[in-house]
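Data block below; observations after.
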Amino acid sequence: MVGPVLAALIAAFLGSSIGAWAALSRFKRERSFDRQVDWYERAVRALIDLSQRIEVAITHHEEDRNSDVIEVSWREVQKAHLTVDRLTIEANIYGSALAVSTLLAINKQVQDVAEETNAFDPDSLAPEQRLAALKRIDSLPEPLLAAAHPLAVEARRHLRIS
């Protein structure tokens, strides 16, 4: 009598253990998938945001002589740059090889410009350097938008959207 009861208890325990393991495994896969999709979305938005903030700051610099407005615009560019930096580091966790290489390349390009232009602060440069710095910064929006495209395509592939 004890044998069949014990066998039923063992079978129930094994069945529930296997079921719990399968559910936990599925939960981890779904959570990983969600985080990857979220990262792709944030990366695409960050590249577009940095591009747009640069364009706004350049416009303010050229058209608006209010130094407070200009300063705030460049500060927003710096914040957007930091976001792209952070997402570039996270690319190694969530991104495909293509996403990692795309973000590393565009982030290097942005970082080089930031260093040349004193971290996107043209007013801190001597007047004779300022025009060249603004031209250099103004060259970034197009490659930033171009880098967003392959990340969006990768996200669609990840979502299995053709």
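Does the range 53-61 contain any residue that is at pLDDT below 95, touching a Phe, Trp or Tyr at 6+ places or on another chain (Cβ under 8 Å), aliphatic (A, V, I, L, M) and farther than 21 Å from residue 32 by Cα?
yes
What pairs come out if I take residues in the range 121-139 that are assigned to a loop (DSSP other than H, G, I, E, B) and pair them with residues that are hydroxyl-bearing (Ser, Thr, Tyr) whose C-beta lies under 8 Å away, six or more apart or interchain?
125/117
Filtering the range 87-128 down to residues that are of a type outside the set (A, V, I, L, M, F, W, C), surrounded by fewer than 13 Cβ atoms within 10 Å (Cβ to Cβ) and out of contact with any helix residue (DSSP H, G or I) (no Cβ under 7 Å at 6 or more places or on another chain), which residue is farthest from residue 61 (Cα to Cα)?
It comes out as 108.
Part of a helix (DSSP H, G or I) and either under 30 Å from residue 138 (Cβ atoms) or modelled with pLDDT of 75 or more (or both) - does that describe any residue in the range 1-9?
yes
From 144, 151, which residue is assigned to a helix (DSSP H, G or I), modelled with pLDDT of 90 or more and touching a Phe, Trp or Tyr at 6+ places or on another chain (Cβ under 7 Å)?
That would be 151, the only listed residue that is assigned to a helix (DSSP H, G or I), modelled with pLDDT of 90 or more and touching a Phe, Trp or Tyr at 6+ places or on another chain (Cβ under 7 Å).
Yes or no: the range 91-110 includes at least one residue that is farther than 17 Å from residue 42 by Cα, part of a loop (DSSP other than H, G, I, E, B), of a type in the set (Ser, Thr, Tyr) and in contact (Cβ under 8 Å) with a residue 12 or more places away in the chain.
Checked against the condition, which is being farther than 17 Å from residue 42 by Cα, part of a loop (DSSP other than H, G, I, E, B), of a type in the set (Ser, Thr, Tyr) and in contact (Cβ under 8 Å) with a residue 12 or more places away in the chain, the range 91-110 yields no hits at all.
How many of the residues in the range 63-75 are touching a residue at least 12 places away in the same chain (Cβ under 8 Å) and either loosely packed, with under 15 Cβ neighbours inside 10 Å or among the hydrophobic types (A, V, I, L, M, F, W, C) (or both)?
The number of residues fulfilling the criteria is 4.
The values are calculated or read from the model by the stated rules, or taken from the named source; none is laboratory data. All values derive from a computational prediction rather than experimental measurement. Positions of Cβ are generated from backbone atoms using ideal geometry, with glycine treated the same way; all protein chains shown enter the neighbour counts.
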